[in-house]
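One structure below.
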């Protein structure tokens with residue numbers, strides 16, 4: 001069966017086969033309690049105060065203050081997951097339920113935000129024929145993009161005053177958010193490193209204020225992991241397609257596809273990723289995907305990331321990402337975002353086996369089709385504990 005999401009994150013970010021969690025035998029079941037706690041102090045300074053639809057760079061507040069401080073959860077929310085596994089009638093059976101409290105607050109009482117609930121699924125299968133998952137979990141399309149993003153251990157873009165449940169990391173500046181979706185998905189067995197997943201998802205992911213949808217969303221991916229000349233490499237491609245019936249305007253199909261690779265040689269790691277779509281918009285799937293008349297906008301984006309583990313075991317990383325959004329036609333608004341761009345420099349130090357100290361610098365630039373530009377700089381420092 002599949003690893004827990006926390007173990008998958010550890011394996012992706014640290015390039016290990018780490019098995020996170022507190023394992024408890026319970027009769028016919030094995031229970032795995034897993035998760036993380038993280039918090040970061042963030043300092044953000046905004047440069048420019050232009051109204052850019054879809055722009056991610058921070059802006060000054062209503063009084064013109066361009067500096068913001070906050071203590072916030074990072075890209076990965078604090079997490080408490082419960083996974084149970086058993087084998088019955090030659091079938092592996094698993095369930096996962098999780099919820100995500102947060103450090104963020106922006107009210108006098110300090111407890112305004114409700115926790116998230118991102119996972120609730122059951123899966124069953126066997127290594128001979130694969131597995132089937134039913135419930136809510138991370139989306140299939142673009143999942144490898146976020147799981148290989150080094151800012152999962154930190155903040156990335158989207159920091160400012162506390163009050164957001166999570167920050168953005170590289171979402172919207174290199175890849176589209178895979179989101180957490182109700183789904184029924186089939187994953188093949190691992191065939192010497194080759195594996196595929198296909199699934200149907202809730203059809204209401206691509207647009208707000210929809211009418212009834214007459215087709216499920218379709219998502220899938222194929223990945224291949226191999227070792228050659230001491231280099232461990234994973235390559236993948238994934239895609240998503242949604243039929244959208246908005247409250248006004250014509251029906252349209254929104255789609256996106258991507259390709260990515262991650263390679264590890266000793267203490268070096270390198271990740272490259274690219275996506276493009278029509279009607280898929282930017283940042284979250286479907287956001288700003290069409291103009292006021294329902295004409296689809298083209299979008300694409302990419303990120304590159306390099307990491308190196310120092311002799312002190314501190315991992316340093318450098319990443320650059322950019323997401324582009326085209327106009328639908330000549331009458332589209334000039335205030336629409338043309339691109340969101342991000343530079344990240346990070347240091348991630350394992351103080352203990354489970355506790356990591358994190359420091360990041362992020363520069364975000366948003367430019368409209370008019371040429372108007374906003375920029376923001378964020379310095380973050382904090383810690384993340386996995387268990």
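Every read-out reported here was derived from the displayed coordinates using simple, explicitly stated rules and does not represent laboratory data. Not measured: the values here are computed from a predicted model. Glycine also receives a Cβ, built like all others from the backbone with ideal geometry; neighbour counts cover every protein chain displayed.
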Separation between the residue 226 and residue 120 pseudo-spin-labels, each 7 Å from Cα along Cα→Cβ, expressed in nm?
4.3 nm
Take residue 327 and residue 270, extend 7 Å from each Cα along the Cα→Cβ direction, and tell me the distance between the two endpoints in nm.
3.8 nm
Expected sort for 317-324, 49-56, 169-176, 350-357 on mean C-beta neighbours within 10 Å, highest first, is 169-176, 317-324, 49-56, 350-357
Take the Cβ-Cβ distance between residue 215 and residue 43 as r, set R0 to 45 Å, and report the resulting FRET efficiency rounded to the nearest 0.05.
0.45
Give me the number: length gained by fully extending residue 293 to residue 355, i.e. 0.36 nm times residue separation minus the C-alpha to C-alpha distance, one decimal in nm.
17.3 nm
Sort 263-269, 84-90 by the packing proxy (mean of other Cβ within 10 Å over each peptide's residues), most packed first.
263-269, 84-90
Using Cα pairs under 8 angstrom and six or more residues apart, how large is the relative contact order of region 5-386, in percent?
16 percent
By the gyration tensor of its Cα atoms, with a ≥ b ≥ c the square roots of the eigenvalues, what is the shape of region 60-139: rounded for a/c under 1.5, prolate for a/b over b/c, or oblate?
prolate
Inter-probe distance in nm under a simple model that places probes 7 Å from Cα toward Cβ, at residue 202 and residue 250:
2.9 nm
Estimated FRET transfer efficiency when R0 is 41 angstrom, pair residue 108-residue 30 (beta carbons, to 0.05)
0.40
Helical mean residue ellipticity (222 nm; -39500 (n - 2.57) per DSSP H run of 4+; nearest 500) of the chain
-1000 deg cm²/dmol
By the gyration tensor of its Cα atoms, with a ≥ b ≥ c the square roots of the eigenvalues, what is the shape of region 270-365: rounded for a/c under 1.5, prolate for a/b over b/c, or oblate?
prolate
